[in-house]
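J.: Please find one structure pasted underneath; my questions will follow.
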Amino acid sequence: MSVNVAILGATGYTGAELIRLVSRHPNLSIRHLGAHSQAGKAAGEVLPNLSDDLATMPLLPANEPLSADIDLVFTALPHGAAAASVKAALDAGKKVVDLSADFRHQDKDVYAEAYGQGHPHPELLSQAIFGLTEYARDKLKGASLVANPGCYPTATLLPLLPLLKTGVVDTDNIIVDAKSGTSGAGRSAKTDLLYCEVNENVRAYGLPRHRHTWEMEEWACAFSGQKAKIRFVPHILPMTRGMLATLHLKGSNVAAWHDILSDQYAKESFVHVLPQGKLPQTSGVSGSNCCHIGVSVTGADEAVVVSCLDNLLKGAAGQAVQNANVMYDWEETLGLDVIAYWP
Ligand SMILES: NC(=O)c1ccc[n+]([C@@H]2O[C@H](COP(=O)([O-])OP(=O)(O)OC[C@H]3O[C@@H](n4cnc5c(N)ncnc54)[C@H](OP(=O)(O)O)[C@@H]3O)[C@@H](O)[C@H]2O)c1
């Protein structure tokens with residue numbers, strides 16, 4: 001079976017990663033690359049990693065209609081701008097995996113609070129499936145619109161959910177201290193992302209309440225039934241890709257937490273709980289769709305749980321392809337079975 005794909009936002013960092021993944025996927029075929037300021041150029045003029053047929057594909061404007069033979073659309077656009085393209089694709093009968101935040105909240109008021117702007121198409125929110133794949137498979141099968149989770153929410157929810165579900169975490173005392181490489185902020189020019197501002201530097205940002213906090217709390221509750229208060233502080237580091245979330249947790253039965261996590265993910269292809277005593281590192285997952293989790297018991301009623309993923313893979317394009325595989329009822333690892341590059 002071959003499914004024809006459009007990638008909108010193909011010139012951005014997650015769009016480029018989608019091109020890389022989709023081009024080696026046995027059941028997906030790239031038919032349309034959409035861009036905005038770079039529209040009109042050939043893809044290879046903007047993306048130095050492309051060659052041959054991919055390099056000569058035209059970058060089409062964002063409002064270019066999707067041809068009838070396109071089945072699936074990945075929208076890798078800024079939030080706010082994505083919603084219109086998602087609606088146009090759905091109206092044209094396409095399936096959509098949206099990598100932006102536009103469909104990650106069930107309530108338009110929560111979206112407005114988190115993003116400081118009204119939702120452009122609130123009527124579509126109820127049909128979006130939040131695609132944290134390991135927790136949403138039943139709903140993803142046959143879905144038309146998948147809201148791909150944010151990178152920080154994915155890095156936080158994967159280690160947190162099994163512990164919340166078993167009721168061992170103190171839900172008032174969750175601290176998530178997280179770090180990201182600069183590709184997490186996208187490719188568009190911003191002064192605070194210039195080399196001189198990021199290199200040899202580490203800083204927190206997004207406080208007092210980073211917009212991903214709403215997403216984490218909403219889906220922590222939806223998937224576990226537990227209302228959790230999450231104190232989340234992200235930091236930007238001078239590296240290209242990679243994300244590490246350190247969860248400082250209190251609760252009961254901490255000696256069992258490693259087993260709880262290991263049992264939950266024992267059969268998963270992409271979520272791996274490291275052996276007791278080992279903690280994950282970003283270079284262990286770079287370029288792969290994996291999330292690595294480690295646990296360290298730090299007291300009678302407290303533990304530190306660390307998770308790592310590649311923000312452009314399991315945090316974005318990789319999980320988007322994983323979700324597409326589930327939507328079409330294919331092997332979930334299709335096109336994603338690469339181990340991390342090292343060193
Ligand atoms: N980066 C990450 O690690 C990450 C992780 C998870 C989710 N996300 C989300 O994924 C989406 C894409 O992120 P990114 O990092 O790939 O962004 P990016 O590198 O800034 O790329 C944005 C893309 O959208 C296009 N674009 C910009 N403004 C547009 C507009 N008004 N209308 C239509 N297209 C427009 C750009 O086209 P031109 O280049 O032609 O201008 C570019 O292709 C965002 O919503 C982001 O929050 C990102």
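The values are calculated or read from the model by the stated rules, or taken from the named source; none is laboratory data. Every value quoted in this text rests on a predicted model; they were computed, and no experiment measured them. For neighbour counting, all protein chains shown are included, and Cβ atoms are generated from backbone atoms with ideal geometry for every residue, glycine included. Only protein heavy atoms, including side chains, enter the accessible area calculation; ligands, DNA and RNA are left aside. Shrake-Rupley method; radii C 1.70, N 1.55, O 1.52, S 1.80 Å.
J.: Using the Cβ atoms and a cut-off under 13 Å, what net charge is assigned to the surroundings of A83, where Lys and Arg are +1 and Asp and Glu are -1?
T.: Net of charged neighbours comes to -1.
J.: In square nanometres, what is one fourth of the surface area of the convex hull spanned by the alpha carbons of the chain?
T.: Result: a mean projected hull area of 16.7 nm².
J.: First check a/c for region 275-343, with a ≥ b ≥ c the square roots of the eigenvalues of its C-alpha gyration tensor; if it is under 1.5, answer rounded, and if not, answer prolate when a/b is larger than b/c or oblate otherwise.
T.: In terms of gyration-tensor shape, prolate.
J.: Taking θ = phi - 60°, what integer Hz values does the Karplus form 6.51 cos²θ - 1.76 cosθ + 1.60 yield along region 57-74, in sequence order, with x for Gly and Pro?
T.: Those phi angles translate into 5, x, 8, 8, x, 4, 8, 5, x, 7, 5, 4, 7, 7, 9, 10, 10, 9 Hz.
J.: What's the long-distance tail for region 30-182, i.e. % of Cα pairs beyond 18 Å?
T.: 66
J.: Taking a 1.4 Å probe, which of M239, M327, M1 shows the most accessible area, and what order do the others take after it?
T.: M1, M239, M327
J.: Can you classify region 198-343 as rounded, prolate or oblate using the Cα gyration tensor, where a ≥ b ≥ c are the square roots of its eigenvalues, rounded means a/c under 1.5, and otherwise it's prolate if a/b beats b/c and oblate if not?
T.: Rounded.
J.: Let me have the 222 nm mean residue ellipticity of the chain computed from DSSP H runs of 4+ only, each contributing -39500 (n - 2.57), with the sum over all residues rounded to the nearest 500.
T.: Calculated from helices alone, the mean residue ellipticity at 222 nm is -8000 deg cm²/dmol.
J.: Report the one residue of A220, P208, A189 whose Cα lies farthest in the direction of the positive end of the charge dipole of region 170-235 (charges on C-beta: Lys and Arg +1, Asp and Glu -1; origin at the Cα centre).
T.: Comparing the listed Cα positions along the dipole, A189 ranks first.
J.: Can you pull the accessible area of H212 for me, 1.4 Å probe, Å² to the nearest 10?
T.: Using a 1.4 Å probe on the heavy atoms, I get roughly 20 Å².
J.: Set the Förster distance to 30 Å, then compute FRET efficiency between N199 and E64 from the Cβ-Cβ distance, nearest 0.05.
T.: It comes to 0.20.
J.: Sticking with this one: Using heavy-atom solvent-accessible surface (probe 1.4 Å) with all chains present, what is the largest-first order of C221, C290?
T.: Values: C221 50, C290 20 Å².
Output order, biggest surface exposure first: C221, C290.
J.: If Lys and Arg each add +1 and Asp and Glu each add -1, what is the summed charge of the other residues whose beta carbon sits under 9 Å from the beta carbon of I70?
T.: Net of charged neighbours comes to 0.
J.: Rank these residues by their accessible area, most exposed first, probe 1.4 Å: D192, D337.
T.: On the way: D192 80, D337 110 Å².
From most accessible down to least: D337, D192.
J.: Once you have the alpha carbon radius of gyration of region 1-58, what is it after dividing by 2.2 N^0.38 Å, with N set to its residue count?
T.: In units of the globular-protein estimate, region 1-58 measures up at 1.02.
J.: Right, here's the next one. Relative contact order for the chain: what percent, with Cα pairs under 8 Å and sequence separation of 6 or more? Write out the running numbers ahead of the final one.
T.: On the way: 774 pairs, mean separation 57.5, N = 343.
For the chain, the relative contact order is 17 percent.
J.: Roughly what would the spin-label model give for A222 and T240, points 7 Å off Cα along C-beta, in nm?
T.: 3.3
J.: Holding the Cα-Cα limit at 32 Å, pick out from K108/K141; K95/K278; K41/K190; K141/K250; K139/K227 the pairs that are longer than that.
T.: Over 32 Å apart, Cα to Cα: K95/K278; K141/K250.
J.: Now for a separate question. Is there a quick way to get the dipole size of the chain? I mean about its Cα centre, with the Cβ of Lys and Arg at +1 and of Asp and Glu at -1; what is the value in debye to the nearest 20?
T.: I would put it at about 260 debye.
J.: Now for a different question. Viscosity 0.692 mPa s, temperature 37 °C: Stokes-Einstein D of region 122-246 from its Kirkwood Cα radius, in µm² per second?
T.: Numbers: Rh = 15.9 Å.
Answer, rounded: 206 µm²/s.
J.: With a Förster radius of 45 Å, plug the Cβ-Cβ distance of A256 and H121 into 1/(1 + (r/R0)^6) and report the FRET value to the nearest 0.05.
T.: Result of the calculation: an efficiency of 0.55.
J.: Separate question: Excluding ligands and nucleic acids, what accessible area in Å² is computed for S296 using a 1.4 Å probe, to the nearest 10?
T.: Its accessible surface works out to 40 Å², give or take rounding.
J.: In nm, to one decimal, how far is the modelled label at D91 from the one at Q276, with both set 7 Å along Cα→Cβ?
T.: The answer from the label model is 5.9 nm.
J.: How big is the accessible area of R24 in square angstrom, nearest 10, if you roll a 1.4 angstrom probe over the protein chains?
T.: Solvent-accessible area, nearest 10 Å²: 110 Å².
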